[in-house]
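Reading through the structure tokens given below for one structure.
The values are calculated or read from the model by the stated rules, or taken from the named source; none is laboratory data. All figures in this text were calculated on a predicted structure; none of them were measured in a lab. Counting neighbours? That spans all protein chains shown, and the Cβs are built from the backbone with ideal geometry, glycine included.
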Amino acid sequence: MNLTAARGTLPGVTRTFVLVIAMLACACGGESDSGDPPLLPTRQLTVSQGTVSQKVTAELALSAAEQQQGLMFRQSMPEDRGMLFILGRQLTGGFWMKNTYLPLDIAYLDVDGTVLDIIPGEPLNETIHKPKKPYWNVLEMNQGWFQRHNLGIGAKVEIPKDLPTPLPTPTRTASP
């Protein structure tokens with residue numbers, strides 16, 4: 001049965017109920033008011049170097065799906081916000097800017113939170129940005145954030161000890 005045929009057969013109360021549910025579904029579609037993807041849980045972080053110290057609010061990307069999504073499709077991000085990728089192991093690969101509309105600084109971090117490298121990422125560029133050294137975590141901020149706050153390589157990101165552990169990435173095994 002198609003919608004046109006069904007429209008005239010619903011009693012008034014049922015039609016009203018269906019309309020209210022449809023309106024709620026649209027209103028609660030899981031996206032923020034700006035049309036950006038929903039935000040992940042956040043934590044307050046401190047980034048410091050020498051006498052300079054700056055607080056940021058970082059979304060936590062823990063699962064493989066959250067890490068793959070990252071900041072893709074975001075149209076804006078406040079100056080003091082970013083995303084912290086808790087990877088749970090040392091990596092040597094890089095990040096790209098596919099479907100990412102914001103220019104970002106990609107800060108690659110050692111296990112203790114020391115900034116090993118900062119690579120600027122241009123919107124929608126699919127070049128893989130690999131750091132010079134293996135890293136454990138990544139902090140993405142608006143492009144130029146580190147420079148505007150007199151922070152750079154060697155800065156320390158204070159990563160809270162009570163963060164949830166990253167969700168394991170599924171592994172595939174070859175069949176005999």
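Residue-by-condition table, conditions (1) in contact with a Lys or Arg (Cβ under 9 Å, 6 or more places away or on another chain); (2) in a strand (DSSP E or B):
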| position | (1), (2) |
| --- | --- |
| Met77 | no, no |
| Gln90 | no, yes |
| Tyr108 | yes, yes |
| Leu139 | no, yes |
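Restricting the first member to region 44-65 and to residues that are more than 9 Å from Leu151 (Cβ to Cβ), and the second to residues that are of a type in the set (D, E, K, R) and assigned to a loop (DSSP other than H, G, I, E, B), the beta-carbon pairs closer than 6 Å and six or more apart or on different chains are Val56/Asp80.
Each residue in region 141-168 was checked for being part of a loop (DSSP other than H, G, I, E, B) and hydrophobic (A, V, I, L, M, F, W, C), and 6 of them qualify. Listed conditions (1) assigned to a loop (DSSP other than H, G, I, E, B); (2) crowded, with 16+ Cβ neighbours inside 10 Å; (3) modelled with pLDDT under 95 are all met by Leu102, apart from (3). Limited to region 71-83, what total is found for residues that are over 16 Å from Arg43 (Cα atoms) and small (Gly, Ala, Ser)? Number of matching residues: 1. Looking at Arg89, is it more than 16 Å from Gly152 (Cα to Cα), touching a residue at least 40 places away in the same chain (Cβ under 8 Å) and charged (D, E, K, R)? So Arg89 passes the test.
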